[in-house]
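The block underneath contains the structure these notes are about, expressed in structure tokens.
The values are calculated or read from the model by the stated rules, or taken from the named source; none is laboratory data. Nothing here was measured: the structure is a model prediction, and the numbers come from that model. Note that we place each Cβ from the backbone using ideal geometry, even for glycine, and neighbour counts take in every protein chain shown.
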Amino acid sequence: MPEDKALGFNMVTCSAPVNIAVIKYWGKRDEELILPINSSLSVTLHQDQLRTTTTVACSRSFEEDRIWLNGREEDITLPRLQSCLREVRRLARKRHSDGDPAGLSHKFHICSVNNFPTAAGLASSAAGYACLVYSLARVLGVEGELSVVARQGSGSACRSMYGGFVQWTMGQREDGKDSIAQQVAPETNWPELRVLVLVVSAERKLVGSTSGMQTSVETSSLLKHRAECVVPGRMEQMIRAVKKRDFATFAELTMKDSNQFHATCLDTYPPVFYLNDVSRRIINLVHRYNRHCGETRVAYSFDAGPNAVIFTLQEHTAEFFQVGGTFFPPETNGEQFLKGLPITGVTLSEELKEAIGMEPLVKGISYIISPKAGPGPCVMEDPPQHLLCPDGLPK
Ligand code: DP6
């Protein structure tokens with residue numbers, strides 16, 4: 001990390017992962033502090049396939065805080081960005097109360113990029129805010145519990161502060177100090193677990209999660225029932241399933257919870273639709289495949305968009321990938337259909353194809369990303385990885 005205290009210049013580059021909730025967060029009890037109406041649990045995806053990288057420079061010579069996202073300068077006065085900047089500076093002030101200013105009076109230049117297309121509708125705000133908070137904390141020498149800060153950027157971002165399997169406990173306090181993320185198990189606890197992100201061709205979503213969940217809280221009685229009576233039990237069952245590597249239970253809970261989340265969207269008034277025809281075909285495909293196999297080998301989960309996240313085990317990955325490519329044949333324009341960990345080809349039996357019995361839908365899926373579960377945010381030690389030049393402007 002190039003650090004020159006005499007010149008009052010300090011720069012750090014970090015990366016942070018995307019996470020996919022298997023028990024969904026949907027609904028806030030406090031909009032400003034981003035406090036949820038229920039706890040949630042997620043799987044952190046490996047950063048080799050999906051990550052945000054952020055460089056933060058802090059210098060006496062900068063006149064104002066500035067931020068560039070994916071090559072474009074953005075408005076730094078956005079309230080959620082301001083919350084994160086304010087909270088990390090407050091923690092730094094507390095930590096350096098002995099008088100060491102450690103760049104506290106200096107302004108930040110922040111530059112952030114994703115290694116996946118933002119338009120793909122993957123959880124980019126979670127990785128983005130987690131990376132921002134982690135990098136700001138590193139540049140100011142702040143350590144300790146940072147998920148409460150990331151939460152104030154975007155709720156789901158607090159879970160991207162850890163690797164593996166992560167729970168976000170809703171907490172009870174009004175100040176949100178007990179609404180934190182914690183690791184339930186590291187990714188190494190379940191190395192056989194595999195993920196396939198099926199990127200569904202679609203236009204940009206019509207209703208963002210922030211406003212969608214706001215309307216759900218105001219109008220859906222099913223959401224209230226879910227938060228109070230369903231999620232607490234599911235959280236306990238899910239934590240047990242993850243610790244025991246009980247795939248059948250993990251998979252069933254994951255699918256039921258995704259379905260209930262989308263049911264609350266339909267129960268919202270006016271209703272919010274995130275699944276499209278391709279998503280619903282994928283749901284059918286998974287159930288038909290599992291039924292044919294006589295056991296639950298594959299699970300799906302959908303967030304606020306039509307992309308499917310498939311969970312399966314190493315031993316079934318190749319076959320299900322083939323199933324996906326057979327019933328959603330890719331466009332043959334030479335574009336890579338599989339991005340991520342390699343998957344060896346297998347031949348599907350006629351019996352399996354007949355049992356599934358669906359008409360193939362050409363181009364329904366644009367491409368498939370295949371990660372595993374992965375670790376949390378980290379510092380990128382290699383200086384050439386910085387996204388800002390020594391003058392503090394993007395490269
Ligand atoms: C469906 O974290 O994007 O992905 O807190 O308003 O920024 P804000 O919402 P966000 O919501 C994510 C909702 C979800 C489910 C989940 O990730 O738990």
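So here's what we get for this one:
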{"quantity": "Subset of segment 43-63 [part of a strand (DSSP E or B) and hydrophobic (A, V, I, L, M, F, W, C)]", "calculated": "V43, L45, V56, A57, C58"}
{"quantity": "Spans of helices (runs of 4 or more DSSP H) in segment 156-263 with at least 1 residues touching a strand residue (DSSP E or B) at 6+ places or on another chain (Cβ under 6 Å)", "calculated": "231-244"}
{"quantity": "Out of L222, L146, sole residue that is away from the ligand (no atom under 11 Å from the Cβ) and assigned by TED's automatic domain parsing to the domain that holds Y274", "calculated": "L222"}
{"quantity": "Considering residues of segment 228-266 that are within 15 Å of the ligand (Cβ to nearest atom) and over 22 Å from the mean Cα position of the chain (by Cα) only, the residue surrounded by the most Cβ atoms within 10 Å (Cβ to Cβ)", "calculated": "V230"}
{"quantity": "Helices (runs of 4 or more DSSP H) within segment 277-395 that include 2 or more residues acidic (D, E) and either crowded, with 19+ Cβ neighbours inside 10 Å or away from the ligand (no atom under 16 Å from the Cβ) (or both)", "calculated": "314-327, 350-356"}
{"quantity": "Output for segment 23-42, where each listed residue is assigned to a strand (DSSP E or B), within 9 Å of the ligand (Cβ to nearest atom) and not hydroxyl-bearing (S, T, Y)", "calculated": "I23, K28, P36, L41"}
{"quantity": "Qualifying positions in segment 239-253 - touching a Ser or Thr at 6+ places or on another chain (Cβ under 8 Å) and not charged (D, E, K, R)", "calculated": "A241, F247, A248, A251"}
{"quantity": "Selection count where residues are surrounded by 14 or more Cβ atoms within 10 Å (Cβ to Cβ), outside any helix (DSSP H, G or I) and either touching a strand residue (DSSP E or B) at 6+ places or on another chain (Cβ under 6 Å) or modelled with pLDDT of 95 or more (or both), scope segment 75-101", "calculated": "1"}
